[in-house]
Structure formats: structure tokens, C-alpha cells
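Before any comments, here is the structure.
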Amino acid sequence: MQESNRVELKEKLTDSLEKEVVAFLNYREGGQIYIGIADDGMTFGVDSADSEMLKIKDRLRNNISPSCLGLFDIIREPIDGKDVIKLNIASGSDKPYYLKKNGMSEKGCFIRVGTAAEPMTTPMIETLFSSRTRHSIGKMKSNKKK
């Protein structure tokens, strides 16, 4: 297994997890992150996969905005006899997604380019934000018509 535009390998859970998830959420096809596999493809596995999976869920729920709940799945997968955590991340519809602590800025918004999570430019952020579909009161249909 090797990294690609849709696959990210991480030997262990790191502080950059949210950045990588944001990049996949903003990417047109989403992607997968494997935790427990090094960049060279060597499988190390993870200790206590259940607690690591709960940590990942909480980190994604609390550190990414808008909410990405429902856009990712966390799976324990045995590879080479070791437990590996696989995150399936869908492309989100409320782009741009960003790190809450940095806001909707070049320091908070990322997109997948090749095998890297690159910061988005301000014009990219503005374009994605303006294309969001919003449900406003003006677009809602009334049950009562006069």
C-alpha cells in the first residue's frame, strides 16, 4: 500500500489528523486515512484500537467546522495480522471545511493536492463558500398557501 491523492498513511495518531481530514472533506472525491501504516507501507498497527477510534471521533467532531458527522466512517481493519484504523472520508457538501481554531482562513482550510494537504488560497475559500447551498426561509415552501 502506498500514498496517493486518495490515500494517506500514518504510522500513529498525530496532531495533523484534523488537517488531513479537512483536506479530504474539501477534495472532490474524499479519501482514506490508514493509522498504523508508515509512509513506506510497513504495517505497525495500533494499540487499543477501540479507544483510539473514540479519540478520533471526538477530535473530528470538536475540531472541524462545519460539522463533519456523517461524512466519515472509522473502521478497525486487520492488516498483516495487526489492527489498523481506517478512516473513510466523503467529500462534504458544506465546503469549505476548516479547523475551528484557525477559522475559515488560509491557516484553517486545506485541500488534497497529490499526496499532501495544502493550504487553500483566499479566492479558493471564497469560491467554495459562495457555492454552498443554503436553506433559507425564503426558499422554504409553506404548507399554507393564501
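The values are calculated or read from the model by the stated rules, or taken from the named source; none is laboratory data. Keep in mind that what you see is a predicted model, and the values were worked out from it rather than measured. Here the Cβ positions follow ideal geometry from the backbone for every residue, glycine too, while neighbour counts run over all protein chains shown. Please note that ligands, DNA and RNA were not included when accessible areas were found on the heavy atoms of the full protein model with its side chains. Shrake-Rupley method; radii C 1.70, N 1.55, O 1.52, S 1.80 Å.
Of the residues contained in the stretch 90-98, none is found to be assigned to a strand (DSSP E or B), open to solvent by 10 Å² or more (accessible area, probe 1.4 Å), at pLDDT 95 or above and closer than 16 Å to residue 6 by Cβ. With respect to the conditions (1) touching a Gly at 6+ places or on another chain (Cβ under 8 Å); (2) at pLDDT below 95, residue 47 lacks only one, and its number is (1).
Might you let me know whether the stretch 27-49 holds any residue that is part of a helix (DSSP H, G or I), in contact (Cβ under 8 Å) with a residue 60 or more places away in the chain, touching a strand residue (DSSP E or B) at 6+ places or on another chain (Cβ under 6 Å) and under 16 Å from residue 98 (Cα atoms)? No: the stretch 27-49 contains no residue that is part of a helix (DSSP H, G or I), in contact (Cβ under 8 Å) with a residue 60 or more places away in the chain, touching a strand residue (DSSP E or B) at 6+ places or on another chain (Cβ under 6 Å) and under 16 Å from residue 98 (Cα atoms).
Would you confirm, using the coordinates I've provided, whether residue 13 is in a helix (DSSP H, G or I), in contact with a strand residue (DSSP E or B) (Cβ under 8 Å, 6 or more places away or on another chain) and under 24 Å from residue 114 (Cβ atoms)? Criteria not met by residue 13. In the stretch 121-146, which residues are among the hydrophobic types (A, V, I, L, M, F, W, C), modelled with pLDDT of 90 or more and over 15 Å from residue 92 (Cα atoms)? Of everything in the stretch 121-146, just one residue is among the hydrophobic types (A, V, I, L, M, F, W, C), modelled with pLDDT of 90 or more and over 15 Å from residue 92 (Cα atoms), namely 124. Going through (1) in contact (Cβ under 8 Å) with a residue 40 or more places away in the chain; (2) of a type in the set (Lys, Arg); (3) touching a helix residue (DSSP H, G or I) at 6+ places or on another chain (Cβ under 8 Å) one by one, residue 76 falls short only on (1). Is there a residue in the stretch 65-79 that is among the small types (Gly, Ala, Ser), farther than 29 Å from residue 131 by Cα and part of a loop (DSSP other than H, G, I, E, B)? No.
Selection of the stretch 22-45 for residues being surrounded by fewer than 21 Cβ atoms within 10 Å (Cβ to Cβ) and in contact with a helix residue (DSSP H, G or I) (Cβ under 6 Å, 6 or more places away or on another chain) yields only 30. The single condition among (1) of a type outside the set (Phe, Trp, Tyr); (2) open to solvent by less than 70 Å² (accessible area, probe 1.4 Å); (3) part of a loop (DSSP other than H, G, I, E, B) that residue 101 does not meet is (2).
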